[in-house]
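Peer 1: Could you have a look at this structure, given as structure tokens, before my questions?
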């Protein structure tokens with residue numbers, strides 16, 4: 001008699017796992033295009049829980065070798081920059097294109113290197129030799145020359161902020177031919193050449209903005225600096241004024257010309273320079289590094305201004321900022337940042353939830369709170385000494401919890417299930433702010449990973465409720481099922497050869513169809529670039545990487561039976 005367990009109907013439709021993931025569990029290998037798309041939406045070349053920065057770079061190069069579609073790589077570079085808001089990955093793809101298709105490289109260069117930071121990253125990657133060359137080819141040199149000659153004065157000044165490499169390094173290697181004396185003088189000033197070497201340009205050929213900046217830096221008093229900053233330099237980036245600012249009075253003027261995003265990202269900097277305080281600050285002898293023990297008088301007008309800018313409803317709607325930005329600012333804000341400003345961050349996150357698309361129906365949200373989700377979402381970067389470098393305070397679990405909270409806020413009949421090696425019954429207070437709800441959800445768990453648990457809960461506790469599908473937010477590094485390691489080299493992939501997620505997903509679909517849901521969908525949101533998934537890509541399953549608002553658009557379209565999927569979303573980019 002045939003083995004009934006082996007040949008039961010549900011087992012026969014389950015796809016066998018094809019690879020072992022980084023945690024040692026069964027998984028499905030993504031196609032090269034899908035894997036590189038996921039990496040382009042999540043990769044930061046930092047050390048993450050299961051992979052080093054070098055591993056990520058090696059995997060990227062391996063995947064690119066498998067893809068002969070250069071147009072896809074060009075579209076992916078644009079997608080990674082314009083929709084996923086990444087910096088390092090699009091720069092790396094641009095360098096790859098410079099060696100594979102120079103016409104496409106030129107076509108997308110300005111869209112990918114849309115600011116000085118990305119331009120310097122491209123230059124740094126070339127000079128590193130990691131992609132097969134250490135200098136600018138003639139084609140790349142032309143691209144850099146075009147960027148440098150076409151960039152506005154403000155864009156060039158912004159590009160001059162930062163070192164290693166500096167804009168001076170780029171100018172000296174790209175050697176652009178200035179288009180006029182104003183640009184010739186500007187290039188001379190940016191490269192610290194003596195004025196006599198600018199000939200035929202002279203000092204008075206410098207753009208008026210640069211002349212004002214020179215005057216600002218040479219000013220003797222804070223009052224003089226404040227006057228210049230508020231008049232002639234009102235539209236330059238604040239960073240250009242910071243290094244020469246003579247005290248709180250000037251810093252207050254700088255803060256008033258910052259945009260909402262710059263304010264949000266630099267609250268601690270403003271705090272250090274007494275922007276939120278007025279009058280004198282009395283310090284005790286024992287306190288030289290913090291403000292504890294000091295008597296401070298708040299500048300309420302300044303605090304009101306910053307809070308108002310951060311929570312400006314119209315500005316948030318126009319910029320389509322995602323709650324993630326405000327959670328990052330809130331988590332990184334010093335304890336001494338005024339409460340009114342922290343409250344404004346909460347309010348801004350609530351407003352930003354309006355930018356998240358509502359789903360076509362309630363969903364089960366599986367929230368991975370396992371130990372590997374505790375690493376920084378941008379990875380840990382090594383410093384020059386080889387020790388740990390700067391990294392984000394935002395952990396993968398914080399981002400995942402925010403995703404869950406945002407979905408829940410826009411789709412209140414949905415259910416969130418935190419899990420590690422057990423499923424937790426989340427206590428959700430509808431009156432919580434989005435940031436408080438996210439913080440509450442991120443505190444569950446910390447153990448191993450069993451991605452099938454939300455599905456088990458859906459098939460048992462919630463078996464009588466109708467759902468549009470399941471959204472799994474995880475790093476997809478599942479390695480436990482039913483409390484036991486699911487894979488080892490002796491026992492193989494498990495009883496039926498599939499992942500626990502797929503076994504439970506098939507049960508969920510059958511149950512939901514009995515409740516009248518014709519076409520339930522599974523969405524696996526992966527926030528780390530490992531290249532495997534717990535569910536294979538097919539008509540009822542979407543694997544997507546990233547943590548920007550673009551993810552919500554793709555998820556919503558998929559649940560609404562739109563044909564747009566992750567790779568197709570990339571391919572839809574127009575060059």
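Every number here is computed from the coordinates shown, using simple stated rules; none is lab data. Here the structure is a predicted model, which means the values were calculated and not measured. Cβ placement follows ideal geometry from the backbone for every residue including glycine, while neighbour counts extend to all protein chains displayed.
Peer 1: Quick one: compute the contact order of the range 68-205, relative version, from alpha carbon pairs under 8 angstrom and 6+ residues apart, as a percent. Walk me through the intermediate numbers first.
Peer 2: Details: 153 pairs, mean separation 23.9, N = 138.
Computed over the range 68-205, the figure is 17 percent.
Peer 1: I'd like to compare 249-260, 123-134: which one has the highest average count of other Cβ atoms within 10 Å, and what's the full order after that?
Peer 2: On the way: 249-260: 20.4, 123-134: 15.9.
Most protected by this proxy first, the peptides run 249-260, 123-134.
Peer 1: Order 321-333, 162-174 from most to least packed using the mean count of other Cβ atoms within 10 Å. Mind dumping the intermediate values first?
Peer 2: Working: 321-333: 21.8, 162-174: 16.7.
Those peptides, ordered most packed to least, come out 321-333, 162-174.
Peer 1: So, one more: Ranked from highest to lowest mean number of other Cβ atoms within 10 Å per residue, what is the order of the peptides 145-153, 463-471, 85-93?
Peer 2: Details: 145-153: 16.4, 463-471: 19.4, 85-93: 23.9.
Going by the mean number of other Cβ atoms within 10 Å, highest first, we get 85-93, 463-471, 145-153.
Peer 1: Still on this structure, I have one more. Which whole-number percent of Cα pairs in the range 68-205 have a distance greater than 23 Å? Don't skip to the end; give the middle numbers.
Peer 2: Values: 3086 of 9453 pairs.
Value for the range 68-205 (Cα pairs over 23 Å): 33 percent.
Peer 1: Could you give the distance between the Cα centres of the range 145-213 and the range 319-342, to the whole Å?
Peer 2: After rounding, the separation between the Cα centres reads 36 Å.
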